[in-house]
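Data first, discussion second: the structure below is written as structure tokens.
Quick note: the coordinates plus some simple rules give every number you see, no bench work behind them. Since this is a predicted model, take the numbers as computed values, not measurements. Because the Cβ atoms are built from the backbone with ideal geometry, glycine has one as well, and the counts that use them run over all protein chains shown.
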Amino acid sequence: MPRRPRVAIAHDYLTQRGGAERVVVSMLRAFPEATVHTLIYNPDTTFPEFRDATVVTSPINRVGAFRRDHRAALSVMPWAVSQMHIDADVVIASSSGWAHGMSTSGRKLVYCHAPARWLYQRDRYLGGSPARSAQGLALFAMQGWLTRWDRRAAGTADTYVVNSRDVQRRVAETYGIGAHVLHPPVGVDPSGERRPVPQVADRQPLRYHLLVSRLLPYKNVDRAVEAFRGLPDRLVIVGSGPLEEGLRTSLPDNVVLLTRMGDPEMRWLYDNATALVAPSYEDFGLTPIEAAAFGKPTLALKAGGYLDTVEEGVNGLFFTEPTAEAIRAAVVACGDHPIDPAAIRQHGENFSEHRFHERLRDAVDRLQGSPAPLPPTSV
């Protein structure tokens, strides 16, 4: 029998609980012996599964301010990446801008969540013109050399895999690389433990919509809040990020903001929600397929990765603009035209973790045995 390749996993930073980090958790389940290499690791603010893995960090992980806010390390991240060399037969680089630059003694498969948003989608990433903030001005000043660094890093990959057709298009436009599409798996296992969330369960009636998102400008959470102002339904937001303090000061009585929810709490929240609200422009967006696993519809912005995960009338409804008026209209329309939970669950089965693992292992095996990069076909 041929020897199985030694696989390592690289990821930009493990400091938060987002969709990309959930994908890395799933990659670890596919390759449980893999080491994880990352620029910054804060075990208290990311998923607990990483505590059971061997995590190798860069020198900048010693700086506490960077562990608390990875965005503060932007100017030193290219240097930090250059300090990380991974000894493995195959490195799976889970990347939104940095991990694809880590060097290796073997082959490199980049799983691209998106080309760096701060370089190629600055206005959306910052929530406006770069001239309106110190962070935006710093990005503008570093734009040229960061872009050159990023494109050189992309060129070191043996093959590119992306999470959606939208990202496939952007990788081709940005790097001139033909990429495979491999959709991420559902992140929250619906068969596990449920734990009620008192802030929600203790308020009656229980009826509420759910929004799960990092609190960043391009996520449009503030517009969802305005959509529910004055509605009889409640909105429960789960997330954290730079906009948290500002959002809390303006929440109407029918909106609740929660942070640091574990999987048992998330299962309970999905189980009892009326529908998921997804108002951001996402590269993929795991939450619609998480909602589908619980038989819940998604009200999504008709753009980006949601075009891969939401099928109109099957597991949700679209709205065409990220405005309070459009979101409110979708909430009302969904109430008037409910969708069959069984059909929603069936749609979600297309994104099973078993299927993801099978295709990712096959891609690693083919790459290890291939003398040249694979052609840009679906994995």
_If you average the alpha carbon positions of segment 290-340 and of segment 93-120, how far apart do those two centres end up, in angstrom?_
31 Å
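Show that you can apply the helix-only estimate: for the chain, add -39,500 (n - 2.57) for every DSSP H stretch of four or more residues, divide by all residues, and state [θ] at 222 nm to the nearest 500.
Calculated at 222 nm, the ellipticity per residue is -10500 deg cm²/dmol.
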*Taking the Cβ of each residue in Tyr281, Tyr306 as the centre, tally the other Cβ atoms inside 10 Å and list the residues starting with the fewest.*
Tyr281, Tyr306
*Length-normalised contact order for the chain - Cα pairs under 8 Å, 6+ apart - percent*: 14 percent
_Can you compute the modelled spin-label distance between Arg229 and Ser103, with each label point 7 Å from Cα toward Cβ, in nm?_
5.4 nm
*Amide H contacts under 5 Å for Ser103, placed H, 5+ residues apart*: Met84, Ile86
*For the charge dipole of the chain, defined by +1 on Lys and Arg C-beta atoms and -1 on Asp and Glu C-beta atoms about the Cα centroid, which residue among Ser280, Ala10, Ala291 has the Cα displaced farthest towards the positive pole?*
Ala10
*Ignoring the sites themselves, what is the longest stretch of the chain with no GluC sites (Glu not before Pro) in a DSSP loop and at most 12 other beta-carbon atoms within 10 Å?*
194-379
*Per-residue HN-Hα couplings for segment 304-315, Karplus 6.51 cos²θ - 1.76 cosθ + 1.60 at θ = phi - 60°, whole Hz, x for Gly and Pro?*
x, x, 5, 5, 8, 10, 10, 10, 3, x, 9, 10
*Thr156: net charge of surrounding residues, Cβ under 12 Å, Lys/Arg +1, Asp/Glu -1, itself excluded?*
+2
_Just to be sure I understand the model, the point goes 7 Å from the Cα along the line to the Cβ. What's the resulting Val63 to Arg203 distance in nm?_
3.9 nm
*So how do Arg22, Arg71, Arg148 line up by other beta-carbon neighbours within 10 Å, fewest first?*
Arg148, Arg71, Arg22
_Pair Ala342, Arg152: separation of 7 Å Cα→Cβ label points (nm)_ = 5.9 nm
*Long-range tail of P(r) for the chain (Cα pairs > 38 Å, %)*: 16 percent
*Using only the Cα atoms, what convex hull volume per residue in Å³ does segment 251-379 have?*
146 Å³
*asked:* Test of understanding: what is the full-extension gain from Lys302 to Asp52, defined as 0.36 nm times their sequence separation minus their Cα-Cα distance?
replied: 86.2 nm
_I want to make sure I understand the PRE zone here: with the label point 7 angstrom from the Cα of Arg195 toward its beta carbon, which residues in segment 256-293 have backbone N atoms less than 17 Å away?_
258-272
*Could you calculate the FRET efficiency of Val256 with Trp145 from 1/(1 + (r/R0)^6), where r is the beta carbon distance between them and R0 is 30 Å, rounded to 0.05?*
0.10
*Where a Cα-Cα gap under 14 Å defines reach, which aspartates and glutamates qualify for Lys302, not counting those fewer than 8 residues away within the same chain?*
Asp166, Glu282, Asp283, Glu311, Glu312, Glu321
